[in-house]
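Chemist: Below is one structure. I have some questions about it.
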Amino acid sequence: MRFDVFTIFPSMFSGFLNESILKRAQQQGLIEIALHNIRDWATDKHRTVDDTPYGGGPGMVMMAPPIVRAVESVLGEELATTPIVLLSPSGELFTQDVARELARYRRLALICGRYEGIDDRVRIVLAARELSIGDYVLTGGELAAAVVIDVVSRLVPGVIDPESLAEESHSSGLLEYPQYTRPPVFRGLGVPEILLSGNHAKIAEWRRMMALCRTKARRPDLLARAPLTERDRALLERCPPDPFAHLGPVYDETEGEPRATD
């Protein structure tokens with residue numbers, strides 16, 4: 001999959017794109033990320049990409065012509081078949097479902113806004129989709145574009161182990177269950193005994209219950225939309241009072257023995 005990013009600050013992406021999973025995915029040819037400086041499509045000697053807003057007001061607005069020229073020039077014949085995304089606090093919320101939808105395409109264009117925003121004619125002319133990564137305002141769209149690249153890239157076949165994807169938060173519409181690894185005791189806190197039992201059916205049931213309970217506690221909006229079975233509803237009835245509290249045995253730090261808890 002190819003990502004075309006249109007920005008006036010392409011250097012902001014250099015560290016992020018050259019580390020960890022995204023670096024390996026690019027080296028393996030699973031994804032390709034191209035950065036395009038919108039100023040390269042400005043027509044004056046100062047490479048101007050912004051101007052004062054019509055109607056007055058503070059700040060500057062990014063001009064339509066350089067952005068539209070940049071996108072049309074880079075996408076060429078694929079303009080009509082490539083989703084074009086404007087990163088904007090005014091856009092629809094970027095969710096895992098939206099990421100899955102975008103991951104089905106072979107190419108994605110991302111436009112990073114700055115200043116007071118982008119001339120709305122960019123959206124109209126390019127038939128662009130506005131996306132927001134949350135209910136807050138960033139200084140620019142670059143960080144939002146990086147989030148979209150990261151989330152969508154993980155859904156490209158071969159980038160992440162499919163089994164890992166299946167059990168992550170939001171993959172099933174629920175938050176993820178708590179995870180533990182070695183050592184078995186840390187700062188007096190042990191691991192839930194069910195995870196050490198070797199009973200995989202019981203472990204799967206516990207994990208499902210904790211995913212349900214944590215979602216109920218923190219994100220009831222997600223739970224309301226999740227397709228729940230009768231078994232899920234029964235598990236919800238068994239939720240601990242605080243599903244985010246430590247759920248394993250608590251040990252005496254000096255004696256190494258479990259101690260009673262209230």
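The values are calculated or read from the model by the stated rules, or taken from the named source; none is laboratory data. Small disclaimer: the values here were computed from a predicted structure and weren't measured. Cβ sites come from the backbone with ideal geometry, for glycine too, and all protein chains shown count toward neighbours.
Chemist: Consider region 106-121. How many of its residues are within 15 Å of residue 61 (Cβ to Cβ) and within 18 Å of the chain's Cα centre (by Cα)?
Modeler: Residues meeting the conditions: 2.
Chemist: Scan (1) within 18 Å of the chain's Cα centre (by Cα); (2) modelled with pLDDT under 95 for the single condition residue 44 breaks and write down its number.
Modeler: Unmet for residue 44, out of (1) within 18 Å of the chain's Cα centre (by Cα); (2) modelled with pLDDT under 95: (1).
Residue-by-condition table, conditions (1) surrounded by 12 or more Cβ atoms within 10 Å (Cβ to Cβ); (2) hydroxyl-bearing (Ser, Thr, Tyr); (3) at pLDDT 90 or above:
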site	(1), (2), (3)
156	yes, no, yes
173	yes, no, no
177	yes, yes, yes
195	yes, no, yes
206	yes, no, yes
211	yes, no, yes
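Chemist: Looking at 105, 115 in this structure, which one is hydroxyl-bearing (Ser, Thr, Tyr), touching a residue at least 60 places away in the same chain (Cβ under 8 Å) and either buried (at least 19 other Cβ atoms within 10 Å of the Cβ) or farther than 19 Å from residue 32 by Cα (or both)?
Modeler: 115 is the lone residue from the list that is hydroxyl-bearing (Ser, Thr, Tyr), touching a residue at least 60 places away in the same chain (Cβ under 8 Å) and either buried (at least 19 other Cβ atoms within 10 Å of the Cβ) or farther than 19 Å from residue 32 by Cα (or both).
Chemist: How many residues does region 1-41 contain that are assigned to a loop (DSSP other than H, G, I, E, B) and closer than 21 Å to residue 102 by Cβ?
Modeler: 5
Chemist: Could you please give the count of residues in region 36-61 that are surrounded by 11 or more Cβ atoms within 10 Å (Cβ to Cβ) and either free of Cβ contacts under 8 Å to residues at least 12 places away in the same chain or touching a Phe, Trp or Tyr at 6+ places or on another chain (Cβ under 6 Å) (or both)?
Modeler: 7
Chemist: Out of the residues in region 122-140 that are within 17 Å of the chain's Cα centre (by Cα) and β-branched (Val, Ile, Thr), state the one that is surrounded by the most Cβ atoms within 10 Å (Cβ to Cβ).
Modeler: This residue is 133.
Chemist: Scan region 218-262 residue by residue and report those that are closer than 22 Å to residue 189 by Cβ and among the polar types (S, T, N, Q).
Modeler: 254, 261
Chemist: Working carefully through the options 100, 47, find the one that is farther than 21 Å from residue 11 by Cα and charged (D, E, K, R).
Modeler: Values: 47 fails: farther than 21 Å from residue 11 by Cα.
Going through 100, 47 in turn, the sole match is 100.
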